[in-house]
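Quick notes on the structure that follows.
Since every read-out is calculated from the coordinates, none of them should be taken as a lab result. Quick caveat, the model's predicted, so the values are computed rather than measured. So basically every Cβ, Gly included, is an ideal-geometry build from the backbone, and we count neighbours across all protein chains shown.
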Amino acid sequence: MWKPKGKIYSLKCNQCNEGFLSSYSMDAPICGHCLQRVKSHDATINTEKHCRVCGKIGTIHSSDKCDSCYFK
């Protein structure tokens with residue numbers, strides 16, 4: 001019979017209130033589905049803004065930097 005190594009925590013997502021299992025005890029739990037939705041929203045490019053660092057057109061939605069400067 002398979003058993004996980006370490007502890008497993010039963011958590012409730014702060015975003016959608018669905019239960020999920022994690023090997024980490026989180027203060028602000030978020031399930032994988034909601035995490036992917038947040039990541040994809042953050043990766044959206046705004047083509048009307050200029051990067052405050054290099055001046056290139058196109059910034060990441062939740063930032064005022066382009067993808068090159070954001071991930072440096």
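Structure summary
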| read-out | value |
| --- | --- |
| Least to most buried among M1, M26 (fewest other Cβ within 10 Å first) | M1, M26 |
| Förster-model FRET efficiency, 35 Å R0, Y70 and M1, C-beta, rounded to 0.05 | 0.15 |
| Loop-located trypsin sites (Lys or Arg not before Pro) in segment 1-62, at most 11 other Cβ atoms within 10 Å (DSSP) | K5, K7 |
| FRET efficiency estimate (nearest 0.05) - Cβ-Cβ, S25 to I57, R0 30 angstrom | 0.10 |
| The chain: angle of helix 32-42 to the longest principal axis, Cα-based, in degrees nearest 10 | 10 |
| Proximal lysines to K3, defined as alpha-carbon separation beneath 19 angstrom and excluding residues fewer than eight positions away on the same chain | none |
| 5 angstrom amide H check on V53, placed H, neighbours 5+ away | C66 |
| Among (1) 24.0, 69; (2) 15.2, 51; (3) 17.8, 58, the entry that matches Rg and Dmax of the Cα atoms in Å as calculated here | (3) |
| Sparse-neighbour loop sites [chymotrypsin sites (Phe, Trp or Tyr not before Pro); segment 18-71; at most 14 other C-beta within 10 Å; DSSP] | Y24, F71 |
| Whole-number percent relative contact order across the chain, with pairs defined as alpha carbons under 8 Å at least 6 apart | 18 |
| Cα-centred dipole magnitude for the chain, charges only on beta-carbon of K, R (+1) and D, E (-1), debye, nearest 20 | 280 |
